[in-house]
Amino acid sequence: MPIAVVFGIGLLAHATPAPAGDVTAFVALPSPSDRWNHGFGAALSSTWFNVLTFEGEAARIPGETMDTSMSSFTASALISPPIGALTPYGGVGVGLFRQNIGSFESDTGRLTAWIVGAKVKLGGLIVLKGEYRRLDLSGTPLLDMDSRYSAGAGIAF
């Protein structure tokens, strides 16, 4: 058997599987805060080659009044090099948003996001996450939202 094949089999035998991703739920604090209340959302992420993460996120943020809200759906690509249990990350996201004021006024458009944050894995199963997103909403949205902080928890798989 060639030495390269034996060496390759040895590397595969000693490889440890890396967690493939996580599911997290979060609470969001939007800005400007005088127009928006605390929101919530969930994200599903998948990690590739131990440094690239692709994420899908859905968020819902109620407005200052009961009949105002914004929903968003974002797909993101993130650089996420793990440092022990800590994984800092940063990247970009694109998606759609929809704002409603009452039952007759609404706006749908595109959003882009610059994202920075960090995740901490506890015991290999629990994930804690903190994040900042700089948002750009297309067109002239009904209510402005320029950024969002969020904190959440979930499970790694």
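Summary table
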{"item": "Of residues in the stretch 101-118 being part of a strand (DSSP E or B) and open to solvent by 40 Å² or more (accessible area, probe 1.4 Å), the one nearest to residue 22 (Cα to Cα)", "result": "116"}
{"item": "Whichever residue in the stretch 56-74 is free of Cβ contacts under 8 Å to residues at least 40 places away in the same chain and under 17 Å from residue 140 (Cα atoms) and, among such residues, is surrounded by the most Cβ atoms within 10 Å (Cβ to Cβ)", "result": "72"}
{"item": "Flag for residue 21 being modelled with pLDDT under 95 and farther than 23 Å from residue 116 by Cα", "result": "no"}
{"item": "Number of positions in the stretch 126-157 that are part of a loop (DSSP other than H, G, I, E, B), of a type outside the set (Gly, Ala, Ser) and closer than 21 Å to residue 56 by Cβ", "result": "2"}
{"item": "Residue in the stretch 75-95 that is surrounded by 14 or more Cβ atoms within 10 Å (Cβ to Cβ), within 13 Å of residue 143 (Cβ to Cβ) and modelled with pLDDT of 95 or more present", "result": "no"}
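The values are calculated or read from the model by the stated rules, or taken from the named source; none is laboratory data. Just so you know, these numbers come straight off a predicted model, no measurement behind them. Cβ atoms come from the backbone with ideal geometry, glycine included; neighbour counts cover every protein chain shown. Areas reflect the complete protein model, heavy atoms only, side chains present, ligands, DNA and RNA absent. Shrake-Rupley method; radii C 1.70, N 1.55, O 1.52, S 1.80 Å.
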